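Before any comments, here is the structure.
The values are calculated or read from the model by the stated rules, or taken from the named source; none is laboratory data. Here the structure is a predicted model, which is why all the values come from computation and not from measurement. Cβ atoms come from the backbone with ideal geometry, glycine included; neighbour counts cover every protein chain shown. These accessible areas exclude ligands, DNA and RNA; they are computed on the full protein's heavy atoms, side chains included. Shrake-Rupley method; radii C 1.70, N 1.55, O 1.52, S 1.80 Å.
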Amino acid sequence: MTNKPAHTFHIPVMGLAYTIDSPIRVAQYGISSVVSITDDEVIEKMRAFYSEKFSIPYQEITQKFHDYRAERITHYLNLMDTIVKEKFENFKNELTESKTSLENFIGILPNKSDLKKGLQSFIDEGVMIKDHIKNYLEQHLSSGEIDVNIMTKVDKDNFNKNEQLPIEFNDAHSALRGFANSTLNSSVVLSAGMNPRLYSYFENFKDFFPDLNSNLKKKIILKVSDFRSAMIQGNFLAKKGLWVSEYRIESGLNCGGHAFATDGFLLGPILQEFKEKKEQLIQSAHELLVKALKQKEMFSPENPMELKITAQGGIGTAEEHEFLLEEYHLDAIGWGSPFLLVPEATSMDNETRTLLANAKENDFYLSNISPLGVPFNSVKGTSNEFWKQKRIDENNAGSSCPKRLLALSKEHDEKGLCMASKKYQDIKLEELEAIKNELSETEFEKAKAKITDKACLCVGLVNAAYLENDIKIKGQQQGIVICPGPNLAYFDQEISLTNMVKHIYGNINVMTDTNRPNVFVKELKMYIAYLKNEISDSNFELSAGQIKKWNSFKNNLLEGISYYQELFSNTKFFQKESTKIQKQIENYKLELNQIEIPTLVLA
């Protein structure tokens with residue numbers, strides 16, 4: 001039996017290791033979370049850690065194994081599956097044995113949920129018969145999903161000495177194989193855009209195709225930032241007989257991790273388009289899916305399978321949570337960065353958690369530290385900043401690059417180099433030095449900083465998990481890289497899991513900052529700042545295409561503002577701050593109109 005999810009939120013993937021073991025921590029309460037399966041090294045170390053903790057036999061999978069990367073991932077996911085199932089059974093038994101535990105669990109369920117009402121009736125009627133409660137839980141409660149994330153573009157070619165291995169041994173391909181071969185009945189979240197080769201590789205695994213009852217053992221979730229992308233990617237997969245079970249819409253800028261800015265399309269209008277065109281999305285994919293499955297001589301479902309629409313990025317209040325669910329008919333909301341302050345949910349050392357709790361609005365910023373060349377959400381004061389700057393000051397910039405997960409640049413090496421590596425930065429600094437006389441001092445320093453600013457994410461994003469669990473850190477000192485969304489500025493304390501969930505459902509408030517802007521207003525502010533920075537950072541040799549793009553960006557923002565003005569004039573939500581929100585939006589409209597897009601000067 002597939003029960004309705006207990007909660008209306010999920011915990012998205014964060015970094016390489018901040019949610020590496022979140023299912024083990026929270027799945028027994030019905031809370032779904034997403035694990036990154038990019039870094040097989042941290043995965044293997046966490047498997048060793050949890051095998052010992054739960055007295056489960058462990059045999060190390062070394063790099064000498066033929067398919068070690070996929071094998072490590074499969075074994076860790078299987079281990080999590082085993083642990084979560086055991087913890088879930090124990091938790092259900094605890095609920096039948098203890099009235100206090102049952103009351104506490106009821107306290108963290110959504111106020112309108114049938115599960116909450118059903119469990120509450122046992123207490124209200126004084127009918128605490130263990131078998132009755134146990135039967136009810138068996139019929140209505142499921143553990144949270146153990147979903148996994150693959151960044152589609154992190155799909156580096158791999159080599160055996162100097163011989164390039166087949167495509168299926170690429171990083172993302174191996175990660176997908178590791179998930180596909182696991183015992184999990186859950187979803188893979190694909191982020192960072194389309195990778196046709198990887199998408200085609202799904203066809204090799206039967207668990208992604210519907211069974212005779214139209215059920216999918218393993219599902220596909222696409223993280224997208226607009227409807228057009230969803231339609232293109234969904235139909236591409238459908239033509240291969242693969243169904244997208246969920247579109248996870250994330251704000252382009254008001255999020256954690258890498259920021260993939262849209263062309264000025266704001267979250268509200270994007271969600272509105274999904275709401276209006278959901279059936280189009282379903283029918284288009286269903287027709288292509290049926291045709292593809294018949295060509296493969298496989299079972300094809302007569303009716304479209306379930307398709308969920310969810311959203312995430314910058315949500316911080318219960319009212320925003322409820323508003324998004326109701327206004328856009330969403331199935332769930334992703335709450336990411338606030339959970340970095342919840343030790344029961346995420347893996348992090350105390351020092352970094354304290355840094356996040358104390359960080360203010362101006363401490364969160366879009367950085368250029370990612371070797372992928374995509375803006376990366378960061379916070380000031382991390383230990384990684386210190387160690388990176390120390391090497392720069394000692395004329396020893398760059399990382400030793402032990403993992404090579406982001407060694408994607410083939411400009412100087414056919415095996416690929418990471419832009420954060422010392423080898424890559426030495427080459428680029430030498431090239432820069434050769435043209436130093438052609439540049440002003442300001443231009444030279446700016447170009448140098450652009451090279452040396454790149455940070456080793458592969459190591460920095462996992463060190464916090466190692467520190468928390470007393471796992472030895474080897475190699476060059478990289479410190480901690482943390483990538484929270486700017487929304488975390490309004491949460492200023494360590495929070496218990498119970499209180500965080502109660503905050504989501506509006507039963508308590510864990511935020512003390514009363515000046516926090518509405519989620520839509522905050523994103524609008526960020527997009528205007530983004531456009532300003534794009535224009536100011538550009539060189540003087542502008543192309544017609546670039547100018548056209550900026551004009552389109554500005555017009556899309558203006559259309560979004562018009563949408564918001566009408567939305568906030570008519571919604572039943574945010575009544576207490578309606579005047580404030582309208583005034584803020586009007587001020588941002590004025591600010592946007594004052595931005596002058598450069599014109600092309602013809603010689």
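Could you name the aspartates and glutamates whose alpha carbon sits less than 12 Å from that of Lys92, not counting residues in the same chain fewer than 8 places away?
Within the straight-line limit of under 12 Å, Lys92 reaches these aspartates and glutamates: Asp131, Glu138.
For the stretch 150-196, just say rounded, prolate or oblate: build the C-alpha gyration tensor, square-root its eigenvalues into a ≥ b ≥ c, call rounded for a/c under 1.5, and beyond that prolate if a/b exceeds b/c, oblate if not.
Oblate, because a/c is 1.5 or more while a/b does not exceed b/c.
Would you please put 214-227, 255-268, 24-37 in order of how densely packed they are, using the mean number of other Cβ atoms within 10 angstrom per residue and starting with the highest?
Peptide ranking by packing, descending: 24-37, 255-268, 214-227.
Over the stretch 206-252, with the other protein chains present, what is the accessible area per residue in square angstrom, probe 1.4 angstrom?
With all protein chains present, the stretch 206-252 gives 36 Å² per residue.
What does the C-alpha gyration tensor say about the overall shape of the stretch 464-603? Classify as rounded when a/c is under 1.5, otherwise prolate if a/b is larger than b/c, or oblate.
Details: a/c = 3.61, a/b = 1.26, b/c = 2.86.
Oblate, since a/c reaches 1.5 and b/c is not below a/b.
Run the 1.4 Å probe and let me know the accessible area of Asp21, rounded to the nearest 10 Å².
0
Rank by packing, highest mean first: peptides 199-211, 4-16, 419-431, with packing defined as the count of other Cβ atoms within 10 Å averaged across residues.
Ranking the peptides 199-211, 4-16, 419-431 by packing returns 4-16, 419-431, 199-211.
Find how many whole Å separate the alpha carbon centroid of the stretch 164-216 from the alpha carbon centroid of the stretch 426-460.
Between the Cα centres of the stretch 426-460 and the stretch 164-216 lies a distance of 38 Å.
Quickly rank 123-131, 485-493, 292-300, 229-237 as a protection proxy: mean count of other C-beta atoms within 10 Å, highest first.
Sorting 123-131, 485-493, 292-300, 229-237 by mean packing, highest first, produces 485-493, 229-237, 292-300, 123-131.
When the accessible area of the stretch 393-439 is computed with all protein chains present and a 1.4 Å probe, what percentage of it is carbon and sulfur?
The C+S portion of the solvent-accessible surface of the stretch 393-439 is 47 percent.
What pairs from Lys53/Lys388; Lys45/Lys415; Lys360/Lys446; Lys223/Lys549 go past 29 Å between their alpha carbons?
Those over the limit are Lys53/Lys388.
Just tell me which aspartates and glutamates come within less than 20 Å, Cα to Cα, of Lys448; anything on the same chain fewer than 8 places away is out.
The qualifying aspartates and glutamates are Glu385, Asp393, Glu394, Glu411, Asp426, Glu430, Glu431, Glu433, Glu438, Glu534, Asp537.
Using a 1.4 Å probe on the protein heavy atoms only, what accessible surface does Glu287 show? Give it in Å² to the nearest 10.
Approximately 120 Å² for this residue.
Report which label in [x] 84, 63, 55; [y] 123, 59, 41; [z] 121, 49, 46 holds the value of Cα extents along the principal axes in Å derived from the coordinates of this structure.
[x]
Take the cross-link list Lys525/Lys580; Lys206/Lys275; Lys153/Lys240; Lys525/Lys583 and give me the ones stretching past 23 Å between alpha-carbons.
Lys206/Lys275
Quick one: of the DSSP bridges fully inside the stretch 302-452, what percent are antiparallel, nearest 5?
Once the DSSP bridges in the stretch 302-452 are tallied, antiparallel ones form about 55 percent.
Got a number for the accessible area of Thr442? Probe 1.4 Å, square angstrom, nearest 10.
Rounded to the nearest 10, the figure is 110 Å².
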